[in-house]
2 protein chains.
Amino acid sequence: MAIALADLKVACSTCSLRELCLPVGLTPKQLESLDELVYARRRIAEGESLFHAGDPFRALYAVRSGFFKTRVTTADGRDQVTGFLMAGELLGIDGIGAGQHGCDAVAIEDGEVCAIPYAKLEETARRFEPLQQHFHRVMSREIVRDHSVMLLLGSMRAEEKLAAFLLNLSQRLAARGYSARDFVLRMTRAEIGSFLGLKLETVSRLFTQFQKEGLLSVNRRSVRITNVEELTRRAGLHC
Amino acid sequence: MAIALADLKVACSTCSLRELCLPVGLTPKQLESLDELVYARRRIAEGESLFHAGDPFRALYAVRSGFFKTRVTTADGRDQVTGFLMAGELLGIDGIGAGQHGCDAVAIEDGEVCAIPYAKLEETARRFEPLQQHFHRVMSREIVRDHSVMLLLGSMRAEEKLAAFLLNLSQRLAARGYSARDFVLRMTRAEIGSFLGLKLETVSRLFTQFQKEGLLSVNRRSVRITNVEELTRRAGLHC
DNA sequence: GAGCGCAGTTGATCCAGGTCAAAGCACCCC
DNA sequence: GGGGTGCTTTGACCTGGATCAACTGCGCTC
């Protein structure tokens, strides 16, 4: 076991995700001093949870590969997907405030995460200004993202919601070197619906509608965007 | 002007809000070392903005008195209220990530804020672990709050939304020493509606309905909750 | 390769909440 | 103190998306 853990130990300085992840913007020298921060990688199989709401909070997790969703749940069992996370994005920030996680993080595709013990991150951030700054930026950006999701949930119509969702996904995939036009959805219609405040049937109908209108072609999980301009128009003003 | 500013300088160590605000949980001695952090108070009249989306980010603002709303806006003019803030709560965190504010902060009642220059906060947080911890907790809690608003916007029915909103307001007022049962709404029906993803007419009708059902009595902005238990039931399960 | 089960599609119908319109009411300013 | 203005209430009607239900098709297991 000790050997296995040692094998899993990773170095931010040589990680292919360093341009997307927590150490973004650090110099190579600064990066090396960060290597001690990440404790170990952890594999998560599709359907498994990284943590649940209520679990004690100890570490943040940086997604190395795979696809995750976060979700909050009401007393009576309804739930709301609050985000989909891909490589380089940070999971678990919600746990800092209360000392326990406030949502579930579930793998919707086999993946791997880097565990960053929070106590150590805090300590390193005090000694190391660029890390502190970057960590604060990451948290702040999460708040900005949440606000734009609120805008989407509170003021957009179904068509606008799905268009905005697809464009956001497309951009994030493009930032990771994948095609912005051609991609495979990692989530079900029901998960997309939960995130957007719609029912799965509505999501399905919208995909069909967008296809009929020539904005994209879709077959189950595969999507090819064929008219980005019009899709952008649908997401935005649409007066 | 120099004199006016000097007059406005405040000390966290003697502030009546220290149990609610950024320095919560610090010892009196620790508090004193925080006094240098807050630069000055600033008065904001009803209707005025503390900052707008796009403004360069320099400082966070702690609400001392009054009532604020934050809002994000789409290209085509629709907007979404993302929060209502009262004494002790922190405004402007959204600006850290991009170096410019991501939303508007508008006073919906005359009020006063303490400006906390962000560069100074960052620097103090590095030297001063309890402040760092507390600041991280505040940001994390904002994320948790946003997630619960997403749950509300995405999965609740109109009745549940308004009940949850009123109970939340009631609890936050109670935490500040005001009555939990009897309070005055600082915001219009339209602002409540924008926050909850409803139209103002729907909000108005729900108030009338709740009153008919004996959950509360309402007259314009004054609300008296007469049946907290039932209101809680409406906000939650309601199977 | 038969059969099961889950994800997705599509149709028919319904209703919560939106829209449009018209008063009503408090407060402010001249 | 009269008139305006902005907020709120209420009514009548409409519609976008939910709900209910049937069916399709892919992938997995045995």
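Condition test on B:Ala105, is it modelled with pLDDT of 95 or more, surrounded by 20 or more Cβ atoms within 10 Å (Cβ to Cβ) and either among the acidic types (Asp, Glu) or not assigned by TED's automatic domain parsing to the domain that holds B:Phe195 (or both)? Criteria met by B:Ala105.
Could you go through the stretch A:30-42 and let me know if any residue there is open to solvent by 10 Å² or more (accessible area, probe 1.4 Å) and farther than 19 Å from A:Cys12 by Cα. No, the stretch A:30-42 contains no residue that is open to solvent by 10 Å² or more (accessible area, probe 1.4 Å) and farther than 19 Å from A:Cys12 by Cα.
One residue stands out among those in the stretch B:127-137 that are open to solvent by 30 Å² or more (accessible area, probe 1.4 Å) and not charged (D, E, K, R): the one that is nearest to the other protein chains (Cβ to nearest Cβ), which is B:Gln133. With respect to (1) within 11 Å of chain B (Cβ to nearest Cβ); (2) buried (at least 22 other Cβ atoms within 10 Å of the Cβ); (3) in contact with a strand residue (DSSP E or B) (Cβ under 6 Å, 6 or more places away or on another chain), the lone exception for A:Cys114 is condition (1). Considering (1) surrounded by fewer than 19 Cβ atoms within 10 Å (Cβ to Cβ); (2) touching a Cys at 6+ places or on another chain (Cβ under 8 Å), the lone condition that A:His147 does not fulfil carries the number (1).
Looking only at residues that are among the β-branched types (Val, Ile, Thr), over 17 Å from the mean Cα position of the chain (by Cα) and under 18 Å from A:Met156 (Cα atoms) in the stretch B:49-100, which one is surrounded by the fewest Cβ atoms within 10 Å (Cβ to Cβ)?
Ranking the qualifying residues of the stretch B:49-100, first place goes to B:Thr73.
Name every residue in the stretch A:70-108 that is over 20 Å from A:Arg41 (Cβ atoms) and either among the polar types (S, T, N, Q) or touching an Asp or Glu at 6+ places or on another chain (Cβ under 7 Å) (or both), in order of residue number.
If the condition is that a residue be over 20 Å from A:Arg41 (Cβ atoms) and either among the polar types (S, T, N, Q) or touching an Asp or Glu at 6+ places or on another chain (Cβ under 7 Å) (or both), then A:Arg71, A:Val72, A:Thr73, A:Thr74, A:Gln80, A:Val81, A:Thr82, A:Gln100, A:Gly102, A:Cys103 are the ones that fit.
Might you let me know whether the stretch A:186-198 holds any residue that is of a type in the set (S, T, N, Q), surrounded by fewer than 16 Cβ atoms within 10 Å (Cβ to Cβ) and not assigned by TED's automatic domain parsing to the domain that holds A:Leu20?
yes
Comparison of B:Leu185, B:Leu196, B:Leu169 shows that the only residue that is in contact (Cβ under 8 Å) with a residue 24 or more places away in the chain, in contact with a Lys or Arg (Cβ under 6 Å, 6 or more places away or on another chain) and away from chain A (no Cβ under 14 Å) is B:Leu185.
Whether a residue is within 27 Å of B:Arg78 (Cα to Cα) and free of Cβ contacts under 8 Å to residues at least 60 places away in the same chain was assessed, and B:Gln132 does not pass this test. If the condition is being in contact with an Asp or Glu (Cβ under 6 Å, 6 or more places away or on another chain) and closer than 16 Å to A:Arg186 by Cα, then the stretch A:206-228 contributes only A:Arg224.
The values are calculated or read from the model by the stated rules, or taken from the named source; none is laboratory data. These numbers were taken from a predicted model, which means no experiment stands behind them. Heads up, the Cβs are rebuilt from the backbone with ideal geometry, glycines too, and the neighbour counts pull from every protein chain shown. The area values use the complete protein model at the heavy-atom level, side chains included, leaving out ligands, DNA and RNA. Shrake-Rupley method; radii C 1.70, N 1.55, O 1.52, S 1.80 Å.
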